[in-house]
1. To the nearest 10 degrees, how steep is helix 247-257 against the longest Cα principal axis of the chain, on a 0 to 90 scale?
2. Per DSSP H run of n ≥ 4, the term is -39500 (n - 2.57); total these for the chain, divide by its residue number, and report the mean residue ellipticity at 222 nm rounded to 500 deg cm²/dmol.
3. To the nearest 10 degrees, how steep is helix 93-107 against the longest Cα principal axis of the chain, on a 0 to 90 scale?
4. Quick one: if you stick a label point 7 Å off each Cα along the C-beta vector at residue 327 and residue 6, how many nm between them?
5. When the expected Rg is taken as 2.2 N^0.38 Å, what fraction or multiple of it is the alpha-carbon Rg of region 85-238?
6. With a Cα-only, solvent-free Debye model of region 10-131, what are the log10 I(q)/I(0) values at q = 0.11, 0.17, 0.22, 0.23 Å⁻¹?
7. Would you kindly state how much longer the chain becomes between residue 130 and residue 252 on full extension, computed as 0.36 nm times their sequence separation minus their alpha carbon distance, in nm to one decimal?
8. With viscosity set to 1.306 mPa s and temperature to 10 °C, compute the Stokes-Einstein D of region 190-343, Rh being the Kirkwood radius across alpha carbon pairs; µm²/s, no decimals.
Ligand code: MRU
């Protein structure tokens, strides 16, 4: 058990949603203020806020903001606005999960909807922090002393309410003196690993060594890595894990080198309505994110930028949630964790 990180990517203050603008970290620490649903949706699309749980929390507050807009202007089309919000980023299921929970309040017959929507958004926010700390403990319990780990992208305080899923496990393992070495892959093209994960870990005085993604095989063959530890944007009913592009590459390499793969994610990231990774809408972002580097600009040169991939369940050693751990996930274990007969 460790204390939450001091980093808060999402704040609610003075009836405004305030997002720490992750586009400019770690160089600049700017706030991005949202007083409308559309501003929050823009913040999600533009990666001001990112990471599945943080996107879900932001969306929960955004529904409250949209409801207030509707209260002030009956012509404001809240239903269209909610559709727009859900599509702000298609892959992270926490977004639709949070909007659906808020919709239950919107459509019930009880009064005081505004107050309940805000209270519920704050509850989702607080619950995520508590869940992360539980996952941190569960994940750290799977690790031996002197473990060497590699994480990918940023599944830390910045991607959640403030402790992290994968980085929560790393924080907890560090506080239990179980870590020998932490590696972070830089995560092209947006550099979540280099810019965000390295900054977060250093802020908590956890040493971290950054690798380019292409160095993973060299790392596994020479450094006796024990675990790849990542978060997820959506875990399907059969245990397939959708996460930052490059995760599946790491899982395939991990199998070759006998490295274990841990996926830490709250149950809000589990989507029992999606049978397998083949059914997931993988977000393609602008080629400009790749072509922003210096290159020989030419009409014959383009770029393809899918930002997530699917790791088949059979490559995953453990899924760690706040409700418990599944080893070697499959459809039946997922059903029993989620207590459902789905699908
Ligand atoms: O494109 P991003 O930065 O939103 O991608 C984030 C990830 O892939 C994370 O690993 C995932 O959302 C889990 S965050 C706890």
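No lab work stands behind these numbers, since they all come straight from the coordinates. Keep in mind it's a predicted model, so treat the numbers as computed, not measured. FYI the Cβ positions are ideal-geometry reconstructions off the backbone, even for glycines, and counts take in every protein chain you see.
1. So the inclination is approximately 20 degrees.
2. That calculation yields -11500 deg cm²/dmol at 222 nm.
3. Between the helix axis and the principal axis of the chain, the angle is about 20 degrees.
4. Once both label points are built, they end up 3.9 nm from each other.
5. 1.21
6. -0.33, -0.79, -1.32, -1.44
7. Computed gain between residue 130 and residue 252 is 40.7 nm.
8. Reported coefficient: 93 µm²/s.
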